[in-house]
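Novice: Dumping the structure here so I can ask a few things about it.
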Amino acid sequence: MITGKNYIGNQLSAKGNKTYKTFNPKLNIENEHTFFEASEEEIEKAVISASEAYKTFKNISGSKKAEFLNAIADEILALDDELINTYISETGLPEGRAKGERGRTIGQLRTFADLVAEGSWVEATIDTADLDRAPIPKQDIRKMLVPLGPVVVFGASNFPLAYSTAGGDTAAAFAAGCPVIVKSHPMHAGTGELIASAIHKAAQKTGMPDGVFSNLNSAGIDVGIQLVKHPKVKAVGFTGSIRGGRALFDLASQRPEPIPVFAEMGSVNPVILLPQATKNKGKALAETYAKSITLGAGQFCTNPGLILGIKGEALDNFTNILSDEIVKIEPSCMLHPNIIGNYERNRSTALEQGGISITAEYDSDVMINHARQTVTKVEGKTFLENTTLHQEIFGPFSMVVQCENAKELETIISNLEGQLTGTILAEDEEASTYNSVIEALQNRVGRIIFNGVPTGVEVCPAMLHGGPYPASTDSRFTAVGIHAIKRWVRPFSYQSWPNDLLPDELKDENPLGISRLVDGNHSQRKI
């Protein structure tokens, strides 16, 4: 049941005097529930509770954390139609998308549960003593990953489940042993509260400490600012705009004790069309990319917003087919009037730039809050000189850049900002002849795709969802997959420590039976 209140540990609270409602973009009306923005008192209580919970939660066994994560998944499934219907009413997205995202969220939680139940993720490393070593005796040193402390997670506008209240950031932080305070996204506060209720029930059923989780409502930026500035908060997770992510990063850096902000931000996800593939498979590629650009109204961080190719008849044919195909697709509803407003403004800014031309624009009537898909083209020289054209336009928009030759193509790629993904569309035999282009792209992205589309992020250990700034604030980390846990931990060493005082992961007898690096060799044996 949606109450509109804040979850602060095991309590519901509504002490703030600022209220708001979510919005149904499909019906273009406000939803019925009223939400109470968290007050300063409630923010303070949530953080203090998280800090106290951390003292216990950081030492909870992997098997108990796994029980907690699996219980969250079970409780989310138990919400059933209430969750799905609320999701739809707050996003305008279809039922299939809602259920698919719920499935992904459940999968993430259970994957992290399996990870911590097994236990080897802590990277236990042991160098045993050699006190007879000359000229300097070698001390016993043991290292493992330990949790940072309370984490603030900002809900994402475009993924109310998979990147929000119980999404990848939260699941990874819980797995690491970090309490979580979610700053709920105002566009889907009802969905967020339902998920918060599931986490709350799971925490109580599995005996987690009070304060291990809180969910705070906020219509604006004030609650988020207070959370990031609070000295007991130790890390931040964010998925959203460059402007928002950079503001949080700067705020966290200016604290007396700076803390990490792991922000996944803007990306145009360049697609490189090599000549032979353009000639041989241009029609099929154009049809595929028309669907990819418009998928979910283009509201994916991996949407292909930039297509680069070498001038010629083949590229012209591809552009023409892409333009013909994309206007055959019925426009989709965007998440919120503010989202479509930003799309229209950013689109207009791009179209006002000199040298850009529209090759396709959906020109039939559209329903309220539905975006008109657009394809444009521009000369490589013009694109290179005007960095305004390099910026993400969040929605069903893509730009074809016509390069004079491979050298200009490489130069343009090298001058792009950091991106989440890059794609090479090529015949197998021609890819090896464009090594410098591929290497230039590799230097600008976190994931490179061969003959596919960037939309769709598989949740698996090999996935890297991040990239050079501004795709993310730290390109060494992923926001998707089991290695996302590494954002919320730090390495910690024990030197000459009594065996019985060591954590189980580092004890001689290896009571957990995990894989460890012992004197340079991976082993599950006792010492």
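Novice: For Lys55, give me every one of the lysines with a C-alpha distance below 19 angstrom, ignoring sequence neighbours fewer than eight places off in its own chain.
Specialist: Of all the lysines, those that pass the test against Lys55 - Cα under 19 Å, at least 8 places apart if same chain - are Lys45, Lys64, Lys65, Lys232, Lys234.
Novice: Taking amide H positions as placed 1.01 Å from N in the peptide plane, with prolines and chain starts having none, which residues 5 or more places from Arg516, or on another chain, fall under 5 Å of its amide H?
Specialist: Sorted by chain and number, the residues that satisfy this are Ser523, Gln524.
Novice: Any number yet on Rg/Rh for region 466-512, C-alpha, Kirkwood?
Specialist: Values: Rg = 16.2 Å, Rh = 13.4 Å.
With Rh from the inverse mean 1/r over Cα pairs, Rg/Rh is 1.21.
Novice: Something else now. Among 9-15, 519-525, 43-49, how do they line up by average Cβ neighbours within 10 Å per residue, starting with the highest? Provide the component values of the computation, followed by the final result.
Specialist: Details: 9-15: 17.6, 519-525: 10.4, 43-49: 21.7.
My ranking of the peptides, most packed first, is 43-49, 9-15, 519-525.
Novice: Tell me, what is the per residue accessible area of region 146-234 in Å², probe radius 1.4 Å?
Specialist: With the other protein chains kept in place, region 146-234 gives 20 Å² per residue.
Novice: Now a separate question. Using a cut-off of 19 Å between alpha-carbon atoms, which aspartates and glutamates can reach Lys18, once sequence neighbours fewer than 8 places away in the same chain are excluded?
Specialist: Glu30, Glu32, Glu37, Glu40, Glu41, Glu42, Glu44, Glu193, Asp222
Novice: Here's another thing I want to ask about it. Using θ = phi - 60° and the Karplus relation 6.51 cos²θ - 1.76 cosθ + 1.60, list the HN-Hα couplings for region 161-176 in order, rounded to whole Hz, with x at every Gly or Pro.
Specialist: 10, 5, 10, 10, 3, 10, x, x, 4, 5, 4, 5, 5, 4, 4, 6
Novice: Moving on to the next point. Okay, helix-only estimate at 222 nm for the chain: each DSSP H run of n ≥ 4 adds -39500 (n - 2.57), divide by all residues, round to 500 deg cm²/dmol; what do you get?
Specialist: -12000 deg cm²/dmol
Novice: Right, next: Give me Rg over Rh for region 388-527, both radii from the alpha carbons and Rh done the Kirkwood way, two decimal places.
Specialist: On the way: Rg = 21.9 Å, Rh = 18.9 Å.
Taking Rh as the inverse mean 1/r over Cα pairs, Rg/Rh reads 1.16.
Novice: Val268's amide H: which non-local residues (gap 5+, or another chain) put their own amide H closer than 5 Å, with H modeled 1.01 Å from N in plane and none for Pro or chain starts?
Specialist: Leu420
Novice: Highest first, please rank the peptides 450-461, 31-42 by the mean number of other Cβ atoms sitting within 10 Å of their residues.
Specialist: Descending packing order for the listed peptides: 31-42, 450-461.
Novice: Sticking with this structure for a sec: Amide H neighbours of Asn24 under 5 Å, counting only residues 5+ apart in sequence or on other chains, H built in-plane at 1.01 Å?
Specialist: Ile29, Glu30, Asn31
Novice: What list of ³J(HN,Hα) couplings, whole Hz, do you get for region 271-279 from phi and the Karplus terms 6.51, -1.76, 1.60, once you set θ to phi - 60° and write x for glycine and proline?
Specialist: Here the 3J(HN,Hα) series is 10, 9, 9, 7, x, 5, 5, 4, 6 Hz.
Novice: Something else: Ignoring ligands, DNA and RNA, what accessible area per residue does region 388-486 give at 1.4 Å, in Å²? Intermediate values should be presented prior to the final figure.
Specialist: Details: 3890 Å² over 99 residues.
Here the residues of region 388-486 average 39 Å² of exposed surface.
Novice: Let me ask you something else. Rounded to whole Hz and in sequence order, give me ³J(HN,Hα) for region 369-385 from the Karplus expression 6.51 cos²θ - 1.76 cosθ + 1.60, θ = phi - 60°, writing x for Gly and Pro.
Specialist: For region 369-385, the Karplus-derived couplings read 6, 9, 8, 8, 5, 9, 10, 10, 9, 7, 6, x, 4, 5, 4, 5, 7 Hz, x marking Gly and Pro.
Novice: Under the definition of Cα pairs under 8 Å and six or more residues apart, what whole-number percent is the relative contact order of region 242-327?
Specialist: So the answer I get is 34 percent.
Novice: Taking every DSSP beta bridge that has both residues in region 273-411, what percent is antiparallel when rounded to the nearest 5?
Specialist: Of all bridge pairs located within region 273-411, approximately 30 percent are antiparallel.
Novice: Mind checking the per residue accessible area of region 16-66 for me, 1.4 Å probe, whole number of Å²? Walk me through the intermediate numbers first.
Specialist: On the way: 2740 Å² over 51 residues.
Per-residue value: 54 Å².
Novice: Next up: Relative contact order for the chain: what percent, with Cα pairs under 8 Å and sequence separation of 6 or more?
Specialist: Relative contact order of the chain: 17 percent.
Novice: Measure off, as a whole percent, the carbon and sulfur share of the 1.4 Å-probe accessible area of the chain, all protein chains present. Write down the numbers at each step before the final one.
Specialist: Numbers: 10740 of 21560 Å².
The C+S portion of the solvent-accessible surface of the chain is 50 percent.
Novice: Arrange the peptides 102-109, 384-391 so that the one whose residues have, on average, the most other Cβ atoms within 10 Å appears first.
Specialist: The peptides rank, most packed first, as 102-109, 384-391.
Novice: Quick one: work out the % antiparallel among DSSP beta bridges in the chain, nearest 5.
Specialist: Taking every DSSP beta bridge with both residues in the chain, the antiparallel ones total about 45 percent.
Novice: Right, something else. In whole Å, what three semi-axes, largest first, describe the equivalent ellipsoid of region 11-109 built from its Cα gyration tensor (square root of 5 times each eigenvalue)?
Specialist: Working through the eigenvalues yields semi-axes of 29, 24, 9 Å.
Novice: Ok, one more. Report relative contact order for region 290-435 in percent, whole number only (criteria: Cα-Cα under 8 Å, sequence separation at least 6).
Specialist: 32 percent
The values are calculated or read from the model by the stated rules, or taken from the named source; none is laboratory data. What you are looking at is a predicted structure, and each value in this text was computed from that prediction instead of being measured. Quick reminder, even Gly has a Cβ in these numbers, built from the backbone with ideal geometry, and neighbours come from all protein chains shown. Quick note on the areas: whole protein, heavy atoms, side chains included, nothing else; ligands and nucleic acids left out. Shrake-Rupley method; radii C 1.70, N 1.55, O 1.52, S 1.80 Å.
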